[in-house]
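For reference, the structure discussed in these notes is given below.
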Amino acid sequence: MLIAGFPAGAWGTNCYLVAPAAGEECVIIDPGHQAAEGVEEALRKHRLKPVAVVLTHGHIDHVASVVPVCGAHDVPAWIHPSDRYMMSDPEKGIGRSIGMPLMGELTVGEPDDVRELSDGTRLNLAGLDLTVAHAPGHTKGSVAFRMPETADVPSVFFSGDLLFAGSIGRTDMPGGSMDDMLESLARVCLPLDDSTVVLSGHGSQTTIGQERATNPYLRQVAASGQGDSPRAPRRGM
């Protein structure tokens, strides 16, 4: 399997291109702010042909390049219906204006073909098997994507802004909820094998085992249910 990832834009949001191997079809995950150039570079470098864009949630730092990327390659974008409105109205998703200079660099709106994700859906795209887990907390429509273990590769979990190395996504913006976040961590993350590789929306790669042992939020839900949230930093936009 080939996974090419890079941080993009003002928020350093991780964009991933996933394919069975170089020279094959691929899926693009979260082409965010100023990600289009990096996407094209990765496509050329690995000789990839995109067949779809899939989005972990609707915040502008994860979807800002959806229109140009989908338009350039005539591919659909997949998003949970609860977050779809943010593609056309990004300020509403964060509860304030993100600033005219920044907005001037963006192509706000939906691509021509938008398809909606739901919990438990299995997407077969570019020869890849991705299972969708609805994981509200950061936003109402946040999802994560899990790819099964193979003989050569451990299971991979694209967590978006649900789970980071040592942290979780913030819950203080419109649609955010700490109660929902803790429930999603318990329901979506805790059942995963320790060997599962976590590729998140921001920051470095980790594993479920590492986070189970060291992440204060995952430790808290594992030890005592949801309860009160730890006093530890949260990340993401």
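The values are calculated or read from the model by the stated rules, or taken from the named source; none is laboratory data. Keep in mind it's a predicted model, so treat the numbers as computed, not measured. Cβ atoms come from the backbone with ideal geometry, glycine included; neighbour counts cover every protein chain shown. Each accessible area value is taken on the protein alone, full model and side chains, heavy atoms only, with ligands, DNA and RNA left out. Shrake-Rupley method; radii C 1.70, N 1.55, O 1.52, S 1.80 Å.
Of the numbered conditions (1) assigned to a loop (DSSP other than H, G, I, E, B); (2) modelled with pLDDT of 95 or more; (3) under 26 Å from I94 (Cα atoms), D172 satisfies every one except a single condition; which is it?
Just one mismatch for D172, condition (2).
Give me the residue from region 152-169 that is aliphatic (A, V, I, L, M) and assigned to a strand (DSSP E or B) and, out of that set, surrounded by the most Cβ atoms within 10 Å (Cβ to Cβ).
For region 152-169, the residue satisfying everything is I168.
Please determine, by comparing only the residues of region 64-74 that are crowded, with 20+ Cβ neighbours inside 10 Å and not polar (S, T, N, Q), which one is farthest from L48 (Cα to Cα).
Only one residue tops the list, namely A64.
Rundown of residues vs (1) open to solvent by 20 Å² or more (accessible area, probe 1.4 Å); (2) of a type in the set (S, T, N, Q); (3) at pLDDT 90 or above, yes/no style:
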{"site": "G93", "(1), (2), (3)": "no, no, no"}
{"site": "F145", "(1), (2), (3)": "no, no, yes"}
{"site": "T150", "(1), (2), (3)": "yes, yes, no"}
{"site": "S177", "(1), (2), (3)": "yes, yes, yes"}
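Starting from residues that are farther than 20 Å from S184 by Cα and among the charged types (D, E, K, R), keep the ones in region 112-143 and report whichever is least open to solvent (accessible area, probe 1.4 Å).
Step by step, filter region 112-143, then rank; the result is D129.
State whether the residues of region 195-202 include one that is open to solvent by 20 Å² or more (accessible area, probe 1.4 Å), farther than 21 Å from P7 by Cβ and in contact with a Gly (Cβ under 6 Å, 6 or more places away or on another chain).
No - not one qualifying residue is present in region 195-202.
Quick one: count up the residues across region 27-50 that are closer than 18 Å to G160 by Cα and hydrophobic (A, V, I, L, M, F, W, C).
Selection size over region 27-50: 5.
Looking only at region 203-226, count every residue that is assigned to a loop (DSSP other than H, G, I, E, B), closer than 27 Å to F6 by Cβ and either polar (S, T, N, Q) or modelled with pLDDT under 95 (or both) and tell me the total.
Total meeting the criteria: 3.
So which residues in region 179-194 are outside any helix (DSSP H, G or I) and either crowded, with 16+ Cβ neighbours inside 10 Å or touching a residue at least 60 places away in the same chain (Cβ under 8 Å) (or both)?
L192
Filter region 130-172 for residues that are farther than 12 Å from V198 by Cβ, touching a helix residue (DSSP H, G or I) at 6+ places or on another chain (Cβ under 6 Å) and among the hydrophobic types (A, V, I, L, M, F, W, C) and give the result.
Those that are farther than 12 Å from V198 by Cβ, touching a helix residue (DSSP H, G or I) at 6+ places or on another chain (Cβ under 6 Å) and among the hydrophobic types (A, V, I, L, M, F, W, C): A133, A135.
Quick one: which residue in A8, A77, A52, A35 is surrounded by 20 or more Cβ atoms within 10 Å (Cβ to Cβ) and touching a residue at least 60 places away in the same chain (Cβ under 8 Å)?
Testing whether each residue is surrounded by 20 or more Cβ atoms within 10 Å (Cβ to Cβ) and touching a residue at least 60 places away in the same chain (Cβ under 8 Å) leaves just A52.
May I ask you to say which residue of D179, D172, D193 is touching a Pro at 6+ places or on another chain (Cβ under 9 Å) and charged (D, E, K, R)?
None of the others qualify; the one that does is D193.
Residues in region 141-149: is at least one touching a strand residue (DSSP E or B) at 6+ places or on another chain (Cβ under 8 Å) and more than 23 Å from I60 (Cα to Cα)?
Yes, region 141-149 contains a residue that is touching a strand residue (DSSP E or B) at 6+ places or on another chain (Cβ under 8 Å) and more than 23 Å from I60 (Cα to Cα).
Right, E105: over 14 Å from the mean Cα position of the chain (by Cα), more than 19 Å from I3 (Cβ to Cβ) and at pLDDT 95 or above or not?
Considered against the rule, which asks whether it is over 14 Å from the mean Cα position of the chain (by Cα), more than 19 Å from I3 (Cβ to Cβ) and at pLDDT 95 or above, E105 comes out as no.
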